[in-house]
Amino acid sequence: MKFSDGYWHMREGVHPLYPAQVHDHTADRDSLMVYAPTKRLEHRGDTLNRPLVTVRAESPMPDVIGVTVSHFSGEVSRGPFFELSTVEGAASVDGLTLTSGSLSVRFQRDPWRVEFVAAGKVLTTSGYKAMAVIEDGGLHYVREQLTLGVGAYVYGLGERFGAFVKNGQTVDIWNADGGTSSEQAYKNVPFFLTNAGYGVFVDHPGLVSYEVGSEAVSRVQFSVAGQSMRYFVIYGPTPKEILRKYTALTGRPALPPPWSFGLWLTTSFTTSYDEQTVTSFVDGMAARELPLSVFHFDTFWMREFHWCDFEWDPRTFPDPRGMLKRLRERGLRISLWINPYIAQRSALFAEGAAAGFLVRRPDGGVWQTDKWQAGMGLVDFTNPAARRWYADKLRAQLDLGVDCFKSDFGERVPTDVVWYDGGDPERMHNYYTHLYNETVFELLREHRGEAEAVLFARSATAGGQKFPVHWGGDSESTLESMAESLRGGLSLAMSGFGFWSHDIGGFEGRPDPAVFKRWIPFGLLSSHSRLHGNQSYRVPWLFDDEAVDVLRAFTRLKHRLMPYLFAAAVTAHREGVPVMRPMVAEFPEDPACTHLDRQYMLGDNLMVAPVFSASGETAYYVPAGRWTHLLTGEVVEGPRWVREVSGFDQVPVYVRPGTVLPWGARDDRPDYDYADGLTLRLFEVEAETTVEIPAPDGSPVATFTVTAEGVRRTGRPAPWRVELPGQEPVDVAAGTDFWERGRQLP
């Protein structure tokens, strides 16, 4: 929210109060309370009719400091609240300085100034007229402004499809169903990180307004309605370290099952389909040797006007149990579309209304709308009984043979309602999706086990990364929308989300064959991969024969990469570092990477640059070192920009120098024994390097250590191979745990 009129004045009706000096402070073992009058006190009379701003500093864990700014403390604190982790005794206090790990916050007594300091330097400050409590037209707000240094760039704030660098933007944290072509976002996260060594998380699940180097061009401004606001400064110093600490605070993602990394195919949204259609798709994929892992039934598995009643449409699917059994016998997993809305015609509407399971208006009636489904209501997930009721409806589908759910929607949440638990409607708007996805994910975890739980979710907020996977929402079937989808995914990665996907070819409209074929490598070189559309099918043979070949090649490539990709997934699960990440997250010291948003790192060691032109003309940046093209073997010496033309069967995907790339033995499926028949591909390896090969639960089944002498293996015996660039792979016997460099080369 903007409060000022230029640099010198406030807008009409806006009345700010600024801390002027530290008058007093109190401290205990691990927190500091500072009391700041809004005018410098010259004599006793100045204490009369004079507001105090109260600032509390604390630390939930090392290198993370929370600051709570308050005016009136008697405000009722209504939920919901983010679930945050804490570590006992993370801070110490010395005078007006609180220290946590390597990060300190120090208050200057007079004039007022707050500094965040680490590694001997000031990261950011809140200085003159930065922190404020504000009255505007009878409404109250708390605002903070943190300085933004020269060359400091801001990233994150959720899955945002506009410019990747947020400097100069105004961003409202408010979930909306706005597609990928607007300033709105499905996944709003009140967290940003910078390339200047720190990130900031605002602990408010409702509307948080950001002006990022816009209203005050050398500051990041954020504000919330009410009498208090808490924010956390998180010290890295690197982007990856900031993400590790932020996800330690708000939650790390679960580990998706290996099968979920394979290709998903759907019926698409409003297309006409029945079991015969589904079978023809599956048969067509098999006949063309296109590996398929998951088949998804979108909305019309249920009857029109009944979403959601969780009943198969008997006109098109008379034998769902038998159909699902037949699909599973072909090695497929099954996904079903759901949303948290209950149409009036659904039998569940009357059932849920009578039991108090639907959100109500202040007058006690059920809140309803005709937008989306006629007369629909909204499940009240703040009611534990409603959560059990909803989960039980889904449980019946799991018993029928379904493996997972696409938990769509969750953004259209009204504020003129009353929640079962008395929560604040403004705070619940964004947080609703967290309860929704948590309900579904916990059911999957309970029913199918920890190692099998996975969603395909659209909406989220802070902490939603715990329930993977999320996809990018409704994109257009254009190259421009492909690029905006990538920007959204990279922005979400900088917001702590480890796994992300998108609709290959775009959702709205039928993509031109060139668009579809350019999108395929991007889709298969993402953490998760799905063919999905709106009014047209997405099976590749409907585009052209080359699309079939391109899809086959990149699906099989992804399967070969699974030992590497699943290890990156384990890292995301354990450390919070995303599988897909912006170049600046991996190369924060390279100034050429700060704005790159048309390429990305896939794990630590693969760089992918999707092609965004039908002609294949493309340009991408290669950081320092000798990078090897994974598909062609060509070596490019960086740092430099490369301009080239790529065919539809090619995409720039480069292996980082010093990489030991584990290459799987199978290309027909994503879930297999990654250690059996593994090939270690060595790229410019000079320093000692260790690679772990994960089991489906993430535990290591084999570890390889590469040194100047050779490669040593520990773990379960299995045959393996070593491959050096330009040479044929060398077989190593199952019982042999050491390969000596050069000895077995031809």
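For the reader, a short list of remarks on this structure follows.
- Proximal charge balance of Thr267 [Cβ under 10 Å; K/R count +1, D/E count -1]: -1
- Given Lys240/Lys466; Lys245/Lys466; Lys187/Lys393, the pairs whose alpha carbons are separated by over 24 Å: Lys187/Lys393
- Computed extension gain for Asp731 through Ser31, at 0.36 nm per residue and net of the alpha carbon distance, reaches 246.0 nm.
- Both the radius of gyration and Dmax for the chain are 27.0, 92 Å, in that order, over alpha-carbon atoms.
- The packing ranking, built from the mean of other Cβ atoms within 10 Å per residue, places the peptides 637-643, 185-191, 651-657, 45-51 in the order 185-191, 651-657, 637-643, 45-51, highest first.
- For the chain: relative contact order, % (alpha-carbon pairs under 8 angstrom, 6 or more apart): 11 percent
- Whole-percent P(r), the range 6-47, all Cα pairs, 10 Å bins from 0: 22, 34, 29, 13, 1.
- The protection proxy used here, the mean number of other Cβ atoms lying within 10 Å of each residue, ranks peptides 373-381, 176-184 as follows, highest first: 373-381, 176-184.
- Working value for the range 336-398: equivalent-ellipsoid semi-axes of 19, 15, 9 Å, each the square root of 5 times a Cα gyration tensor eigenvalue, largest first.
- Proximal charge balance of Gly95 [Cβ under 15 Å; K/R count +1, D/E count -1]: -2
- Accessible area in square angstrom per residue, the range 1-133, 1.4 angstrom probe: 54 Å²
- Taking only the C-alpha atoms of the range 425-466, Rg followed by Dmax gives 11.1, 35 Å.
- Value in Å of the Kirkwood radius, where the range 1-123 supplies the Cα pairs that are averaged: 16.4 Å
- Taking every DSSP bridge with both residues inside the chain, close to 85 percent are antiparallel.
- Summed over the residues of the range 633-677 and divided among them, the accessible surface reaches 45 Å² per residue at a probe radius of 1.4 Å.
- Of the GluC sites (Glu not before Pro) found in the range 482-591, the ones in coil according to DSSP and having at most 10 other Cβ atoms within 10 Å of their Cβ are Glu589.
- Contact order normalised by residue count of the range 565-674, Cα under 8 Å, 6+ apart, percent: 20 percent
- Area projected by the alpha carbon convex hull of the range 318-472, averaged over all directions, nm²: 9.8 nm²
- What the Cα atoms of the range 644-746 give is an Rg and a Dmax of 14.5, 46 Å.
- Per residue, the range 253-299 exposes an accessible area of 25 Å² to a 1.4 Å probe, with every protein chain left in place.
- For Lys129, the aspartates and glutamates whose Cα falls under 15 Å of its own Cα, not counting residues fewer than eight places away in the same chain, are Asp5, Asp110, Glu115, Glu144, Glu215.
- Local net charge near Thr247, Cβ-Cβ under 14 Å (Lys/Arg +1, Asp/Glu -1): +3
- Peptides 306-319, 422-435, 601-614 ordered by average Cβ neighbours within 10 Å, highest first: 422-435, 601-614, 306-319
- Entry for the range 425-529 at q = 0.18, 0.19, 0.23 Å⁻¹: log10 I(q)/I(0) = -0.89, -0.95, -1.15, Debye formula applied to identical alpha-carbon scatterers, no solvent contribution.
- Helical contribution to [θ] at 222 nm, DSSP H n ≥ 4, -39,500 (n - 2.57), averaged over the chain, rounded to 500: -6000 deg cm²/dmol
- Summing Cβ point charges (Lys, Arg +1; Asp, Glu -1) relative to the Cα centre of the chain gives a dipole of roughly 640 debye.
- Whole-percent carbon and sulfur share, accessible surface of the chain, 1.4 Å: 48 percent
The values are calculated or read from the model by the stated rules, or taken from the named source; none is laboratory data. Fair warning: this is a prediction, and the values are worked out from it, not measured in the lab. Every residue, glycine among them, receives a Cβ derived from its backbone with ideal geometry; neighbour counts consider all protein chains shown. Note: accessible area is taken over every heavy atom of the protein model, side chains too, but ligands, DNA and RNA are not part of it. Shrake-Rupley method; radii C 1.70, N 1.55, O 1.52, S 1.80 Å.
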